[in-house]
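The structure under discussion appears below in the form of structure tokens.
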Amino acid sequence: MSTATATEARTYPAYSRNLAARLLLNREAAVIVGLVAVYLYAMGNVPFFDGPLTIFNLSKEYAPILLMALPMTLIIITGEIDLSVASTLGASAAITGVLVVEHDLSLPLAALVAILVGALLGALNGFFVAYVGLPSLAVTIGSLALYRGLAEGLIQDKRISGFPEGWQDWPTERIGTSQYPNILIPIAVLVVLFALLLHFTSFGRGVFEIGLSDEAAHFSGVNVARTKLVLFTLSGAVAAFAGVYVALKSNSVATDTGNGFELKVIAGVLLGGVSIFGGRGALHGVVAGVLLIAVLNSALQLDGQGSEVIQIIIGLLLVGSVIASNFLPRIRALIPRRAAASTTAPQTPATGDETRKVSQ
Amino acid sequence: MTTATGTEGRTAPTLELRSVAKSFGAVAALRSGTLEVAPGSIHALVGENGAGKSTLVKIVAGVHRRDSGVFRLLGEDVDFGSTADSKSAGVAVIYQEPTLFPDLSVAENIFMGRHPLGRGRRIDRTRMYDESNALFARLGVTIDPRRVANGLSIADQQLIEIAKAISLDAKLLVMDEPTAALSGNEVARLFAVARSLRDEGRALVFISHRFDEVFDLCDTVTVMRDGAYVSTHLVAETTEAEIVSRMVGREVAELFPKTPAAIGDVVLDIQGLGSTGEFHDISFQVRAGEIVGLAGLVGAGRSEIARAVFGVDGYDEGRVTLHGKAVPKKQPRAAIRAGMAFVPEDRRQQGLVIEGSVARNIASVIRGGLAKGGLLTAAAENKASAPWASRLQVKTSALDMRAATMSGGNQQKVVIAKWLATDPKLLIIDEPTRGIDVGTKAEVHRLLSDLAGQGLAILMISSELPEVLGMADRVLVVCEGRLTADIAREDATPENVMAAATRSAPTAPPTKEPVS
Ligand SMILES: Nc1ncnc2c1ncn2[C@@H]1O[C@H](COP(=O)(O)OP(=O)(O)OP(=O)(O)O)[C@@H](O)[C@H]1O
Ligand SMILES: [Mg+2]
């Protein structure tokens, strides 16, 4: 008898929704559509937006944000956060400046030192989060101040400028005759690498699992602590790389270089559909999220709006997107039900099928 | 409250459900649920995994709203929009999976939302602790009401849910597989409490995959299949075979078909394992082809031993060797690489990433090997997981469904599939069939037996005595963190296993043996 059931092979479709629904009914698609819409609107309606410098300046300006958003995506998917990236960027810019301008070190060597120090600073965050078990919010608020202090200690209130002539102009030169600066080449490479790491490796699957349930991940043999350490280290290294770029781009370094960047980075990541609770997100969404902020910013500026208006609009967009991602699944769940049915969350946590905030 | 009467003279049933339906998107979880429970009765609800029992329970509890059908409580039409509504209407529910708040104390969990208040409307903690202790005494267990819920074993969590529910003074008590993680003693106590509630005129609904319990405790039984009502019987007038065949729609093979296998070399060797406060001086071996059962009371330390061996927890002394090689402490990954697999007791928190898809869960341990040139694709995961889902007859509409949407038994199958896919040398399995229906249970037992036949060493923890006696080549009994007996298959009887399990326990021996 039981052998009869054993041979009854079941087959399973891989997906419960069709390809179109999977591709279109998600946050990433919504952000990409939003980006294209804003871009096209600005091209047609905002004066000078279609000019030759817009894309060039925008890329130059937002390159460090996009860079730092890449490891930040993975960190937020594990349910952690790194608030110290902008300070790491500042420290790295200061190191580069001091080594090159004051100690006449060659640029590649100085950059290497800066990136190594950045990785170390990131690893320090990671150590406290992963091995000591402190909350990343607390740890990185501390290191936000600490690493900024490091930059201040290095350059005091001077402003380091005057990088020697040479290939330090390379990042901001154009690729051939295009509208794009060279820095987009390493960015493209990193985007691809991070996308592969997150979506096409066992390590990346572990990142999602940790965000959904670090206990279950631990029981499946995922090294939760080491994964987090690696991510924070990567975050430090990439922020430091961005710091080298910023130093060269502006040809000067001050103690406030990169101040406040962390908020733009996190805004881009969340706008791109990554859940602040962890466990959900995709890299292409984040790229679109950062670009959406960049395009909006530049369009509003060209339109003559003041910075407060821009801040308000981007803030509203972010709040709106977080609300939307929390309520859309509930609204969607409502549709097939009776009209009268209200969504009442069970009083008890997770009674079997209660969805977490992360859905899809 | 006036009891509404239906047709003359007959008192209304406490609970009445007629043709209740509930769908989740395209999935019809419940097509036509019917259940009528009289006051002063214990009514069993049985059905295969995914038959819709828990969905029905959640409708009664106000977790879900039904799409259609009649739902009456004490003769009055009701429509609960939340669990608070059902609670105030006199319904207490023990869910299949414990739902405690991990950061609150045990007592706070029990008195959630109805804390006893003292002077100045402050929470009267002393009273809360006293009442919790009284409840636990009634259930015959000792749990410290002051400790936080986090870290309690599944059985203890289940007992707390039971204490919470019986303290509610409900007219209707619904219990969704309350005994799945409990051993004989606790089950006997729970049944005593249930009977006294019945004698007070309350109505009880009892869901279980263990038929001996159904026949022991209940007076009426309703069978469900594929989301629909099948039949209702008086327990006294039916047989297990009849219930099973109505439930499954076919005959089911005998339950514990462990076939003798050639016992080979030592695979797992444990010497002097100890962890302060948990277990001491544990030494035993498991050989290839052998199933070693770890029996004992809930809280004896069986799961703790298993967790230490696999390395999710540490230990203070002793060593673990697999095939003669030392297994490093506290490194699950190293244990997996050495050939261990571990099905933990708590599938929601530990066994599964509950919000993850079926395919990703099944592939979650083997995925490193599925990568080509370091790159892993969803297609590779789907391809590798589908045969295992099929082999364990997992019921799901697609491989990308979240594990959270599946019935409890089907979730358990996914955990087993995930570990069998790793092709282990040693399988540690904590409550292998918790929440699994008869048909699949026989299937899982047959699978374990087959795997042992192919040389797999199996260390099985089970609170179900018939399962241990039927499956194990050797029964090790744990009592209060120490091994108290090592009994060969031929010599193992319920009596000598239970005696060893309670050897040093100061409490009285069980009054009744609910599992034979
Ligand atoms: N939230 C949900 N979304 C989609 N499908 C669901 C959801 N909840 C339950 N189901 C489906 O409904 C069916 C019935 O599930 P239910 O949990 O009621 O079964 P059950 O009889 O309690 O089974 P078990 O004995 O395994 O606990 C299952 O096939 C399950 O996959
Ligand atoms: Mg169920």
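The values are calculated or read from the model by the stated rules, or taken from the named source; none is laboratory data. If you're wondering where the values come from, they're calculated on a predicted model, not measured in any experiment. Cβ: placed from backbone, ideal geometry, glycine included. Neighbour counts: every protein chain shown. Heavy atoms of the whole protein, side chains included, go into the accessibility calculation; ligands, DNA and RNA do not. Shrake-Rupley method; radii C 1.70, N 1.55, O 1.52, S 1.80 Å.
Odds and ends about this structure:
- Out of B:278, B:237, B:242, one residue alone is closer than 30 Å to residue B:338 by Cβ and open to solvent by 50 Å² or more (accessible area, probe 1.4 Å). It is B:278.
- Among (1) within 16 Å of ligand 1 (Cβ to nearest atom); (2) surrounded by fewer than 24 Cβ atoms within 10 Å (Cβ to Cβ); (3) of a type in the set (Gly, Ala, Ser); (4) not in a helix (DSSP H, G or I), the one test that residue B:435 misses: (2)
- Some residue of the range B:87-96 being among the aliphatic types (A, V, I, L, M), within 16 Å of ligand 1 (Cβ to nearest atom) and closer than 19 Å to residue B:206 by Cβ: yes
- Filter result for residue B:85 (more than 16 Å from ligand 2 (Cβ to nearest atom), within 14 Å of chain A (Cβ to nearest Cβ), surrounded by fewer than 17 Cβ atoms within 10 Å (Cβ to Cβ) and not in a loop (DSSP other than H, G, I, E, B)): yes
- Which listed residue, of B:270, B:263, is open to solvent by less than 40 Å² (accessible area, probe 1.4 Å) and modelled with pLDDT of 80 or more: B:270
- Meets criteria (more than 16 Å from ligand 2 (Cβ to nearest atom), open to solvent by 30 Å² or more (accessible area, probe 1.4 Å) and over 27 Å from residue B:214 (Cα atoms)) for residue B:68: yes
- Residues within the range A:1-23 that are modelled with pLDDT of 50 or more and either of a type in the set (A, V, I, L, M) or in a loop (DSSP other than H, G, I, E, B) (or both), tallied: 15
- Flag if residue B:401 is in contact (Cβ under 8 Å) with a residue 24 or more places away in the chain and surrounded by fewer than 21 Cβ atoms within 10 Å (Cβ to Cβ): yes
- Residue check for residue B:107: more than 14 Å from every other protein chain (Cβ to nearest Cβ), aliphatic (A, V, I, L, M) and open to solvent by 40 Å² or more (accessible area, probe 1.4 Å): no
- Selection of the range A:262-310 for residues being at pLDDT 95 or above and open to solvent by 40 Å² or more (accessible area, probe 1.4 Å) yields A:284, A:291.
- Against the list (1) in contact with a Lys or Arg (Cβ under 6 Å, 6 or more places away or on another chain); (2) away from ligand 1 (no atom under 14 Å from the Cβ), the condition residue B:228 fails is (2).
- Residues of the range B:7-63 satisfying the condition of being away from every other protein chain (no Cβ under 14 Å), more than 16 Å from ligand 2 (Cβ to nearest atom) and part of a loop (DSSP other than H, G, I, E, B): B:7, B:8, B:9, B:10, B:12, B:13, B:14, B:38, B:39, B:40
- Extreme residue, surrounded by the fewest Cβ atoms within 10 Å (Cβ to Cβ), among residues of the range B:358-369 that are at pLDDT 95 or above and more than 7 Å from chain A (Cβ to nearest Cβ): B:366
- Residue check, residue B:208 among the hydroxyl-bearing types (Ser, Thr, Tyr) and surrounded by fewer than 18 Cβ atoms within 10 Å (Cβ to Cβ): no
- Residues of the range B:430-479 that are hydroxyl-bearing (Ser, Thr, Tyr) and either within 16 Å of ligand 2 (Cβ to nearest atom) or farther than 20 Å from residue B:393 by Cβ (or both): B:433, B:440, B:462, B:463.
- For residue B:426: the one exception among (1) without any contact (Cβ under 8 Å) to a residue 60 or more places away in the chain; (2) more than 10 Å from every other protein chain (Cβ to nearest Cβ): (1)
- Answer residue from the range B:111-130, given it is open to solvent by less than 70 Å² (accessible area, probe 1.4 Å) and within 23 Å of residue B:190 (Cα to Cα) and is farthest from the other protein chains (Cβ to nearest Cβ) among those: B:129
- Residue count for the range B:417-462, restricted to those that are aromatic (Phe, Trp, Tyr) and within 24 Å of residue B:53 (Cβ to Cβ): 0.
- Every residue from the range B:393-430 that is away from ligand 1 (no atom under 13 Å from the Cβ) and assigned to a loop (DSSP other than H, G, I, E, B): B:399, B:421, B:422, B:423, B:424, B:425
- Here residue A:83 meets each of (1) surrounded by 19 or more Cβ atoms within 10 Å (Cβ to Cβ); (2) assigned to a helix (DSSP H, G or I) with one exception, condition (2).
- Of all the criteria given as (1) more than 30 Å from residue A:323 (Cα to Cα); (2) part of a helix (DSSP H, G or I); (3) free of Cβ contacts under 8 Å to residues at least 24 places away in the same chain, the one not satisfied by residue A:50 is (2).
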